[in-house]
Amino acid sequence: MRLAELSRHSGVSTATIKYYLREGLLPPGRQINATTAEYDEEHLGRLRLVRAMIQVGRVPVAKVREVLGHVDDDSLPRSIRLGAALWALPQVPEPDEDDEYVQVAHQEVDKLLDQLGWENAKQLTTISPAYRSLVVAVAAFRRIGYDFGAELLAPYAELMYRTAVLDVDNMETYASEAERIEFAILGAILNEPVLQALHRLAQEEETTRRYGFE
C-alpha cells in the first residue's frame with residue numbers, strides 16, 4: 001500500500017506518518033522510485049502500536065524509540081526482550097530507600113514472593129519496575145495506617161497470575177516474535193485500564209449484592 005492508503009487504513013495522517021518515519025519509529029517502506037515507497041501489514045501493525053503508546057499511553061517519543069529498539073532486538077531471549085521493552089515504558093518514581101515505610105514494604109513484598117514461590121520474580125527485584133511500583137504502593141498504604149502486607153496481597157497476586165497466564169496464552173497466538181512483543185506492550189498500555197475498569201465494575205456489583213442500593 002502507498003502512504004495515502006496506510007494513512008486511510010490506520011487513521012493516522014500522512015504528516016504524522018512522515019514524522020514517525022523521520023523519528024525512526026516506523027521502518028522505511030520499500031522504495032518503488034525516488035519519491036514513492038510501498039508499505040505492508042507490518043507497517044500498519046507498527047503504526048498502531050506507536051499510536052497507542054503516544055496517544056493513549058502518553059509515552060514520549062524518545063521512550064517509544066527505546067521500547068521499539070528492544071522489540072526489534074532479536075538477539076535477546078524472549079523473556080529478556082519482553083522485559084526490556086516493558087521496563088522502558090514510563091514508570092512510577094523510585095522509592096525512597098531511607099523511608100522507614102519503604103523499608104517495611106520491601107520486607108512485605110519479599111515475604112509475598114517467598115509465600116507465592118515466585119523465584120524468578122525474586123531474582124529480578126533489583127531491576128524490576130513492577131517490584132518497585134508494588135513497594136511504593138504498599139508503603140503508601142502503611143503510611144496512612146493500613147497494613148496491606150503479604151497476607152492480604154497474596155490472594156490478589158494469585159488472581160493476577162491467572163491474568164498473566166491468559167496474557168501469555170494470547171500473546172503466543174501471534175506468528176512472529178515481533179508481533180508477540182508488540183501485543184504484550186499494547187496489553188501493558190491498553191489492557192491495564194480494562195482490568196482496572198473490570199475491577200471497579202466487579203466492586204460495584206458485589207457491594208450492591210451485599211448491601212443493596214440503599
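With A188, A164, A178 as the choices, which residue is in contact with a Leu (Cβ under 6 Å, 6 or more places away or on another chain) and assigned to a helix (DSSP H, G or I)? Before you say what the answer is, go through the steps one by one.
Working: A164 fails: in contact with a Leu (Cβ under 6 Å, 6 or more places away or on another chain); A178 fails: in contact with a Leu (Cβ under 6 Å, 6 or more places away or on another chain).
It is A188.
Which condition from (1) open to solvent by less than 50 Å² (accessible area, probe 1.4 Å); (2) out of contact with any Pro (no Cβ under 6 Å at 6 or more places or on another chain); (3) over 25 Å from A184 (Cα atoms) is the one that A15 breaks?
With (1) open to solvent by less than 50 Å² (accessible area, probe 1.4 Å); (2) out of contact with any Pro (no Cβ under 6 Å at 6 or more places or on another chain); (3) over 25 Å from A184 (Cα atoms) applied to A15, the lone miss is (1).
If a residue must be small (G, A, S) and touching a residue at least 60 places away in the same chain (Cβ under 8 Å), how many such residues does segment 55-85 contain?
2
Among the residues of segment 170-197, which ones are surrounded by fewer than 16 Cβ atoms within 10 Å (Cβ to Cβ) and of a type in the set (D, E, K, R)?
E172, E177, E192
Quick check on my filter: what residues within segment 78-124 are of a type in the set (D, E, K, R), open to solvent by 70 Å² or more (accessible area, probe 1.4 Å) and closer than 21 Å to A184 by Cα? Steps first, please.
Applying the first criterion (of a type in the set (D, E, K, R)) to segment 78-124 yields 78, 81, 94, 96-100, 108, 110-111, 114, 119, 122.
Checking the rest, the ones that are also open to solvent by 70 Å² or more (accessible area, probe 1.4 Å) come to 78, 94, 96-98, 100, 111, 114, 119, 122.
Within segment 78-124, R78 is the sole residue that qualifies.
Inspect all residues belonging to segment 41-62 and state whether any of them is within 17 Å of the chain's Cα centre (by Cα) and of a type in the set (S, T, N, Q).
Checked segment 41-62: at least one residue is within 17 Å of the chain's Cα centre (by Cα) and of a type in the set (S, T, N, Q).
When you scan segment 68-82, do you find a residue that is acidic (D, E), closer than 30 Å to P155 by Cβ and either assigned by TED's automatic domain parsing to the domain that holds A150 or part of a loop (DSSP other than H, G, I, E, B) (or both), even just one?
There is no residue in segment 68-82 that is acidic (D, E), closer than 30 Å to P155 by Cβ and either assigned by TED's automatic domain parsing to the domain that holds A150 or part of a loop (DSSP other than H, G, I, E, B) (or both).
Among the candidates L124, L195, which residue alone is closer than 30 Å to L47 by Cβ, among the aliphatic types (A, V, I, L, M), in contact (Cβ under 8 Å) with a residue 24 or more places away in the chain and not assigned by TED's automatic domain parsing to the domain that holds G57?
L195
Being among the β-branched types (V, I, T) and open to solvent by less than 30 Å² (accessible area, probe 1.4 Å) is the filter; apply it to segment 27-71 and report the residue that is modelled with the lowest pLDDT.
We begin by selecting, within segment 27-71, every residue among the β-branched types (V, I, T); these are 32, 35-36, 50, 54, 56, 59, 61, 64, 67, 71.
Still in the running and open to solvent by less than 30 Å² (accessible area, probe 1.4 Å): 50, 59, 64, 67, 71.
On the way: V50: 88, V59: 81, V64: 85, V67: 80, V71: 76.
Looking at the filtered set, the residue picked out is V71.
The values are calculated or read from the model by the stated rules, or taken from the named source; none is laboratory data. Remember, it's a predicted structure, so these values are computed and weren't measured experimentally. All Cβ positions, even for glycine, are placed from backbone atoms using ideal geometry, and neighbour counts span all protein chains on display. Only protein heavy atoms, including side chains, enter the accessible area calculation; ligands, DNA and RNA are left aside. Shrake-Rupley method; radii C 1.70, N 1.55, O 1.52, S 1.80 Å.
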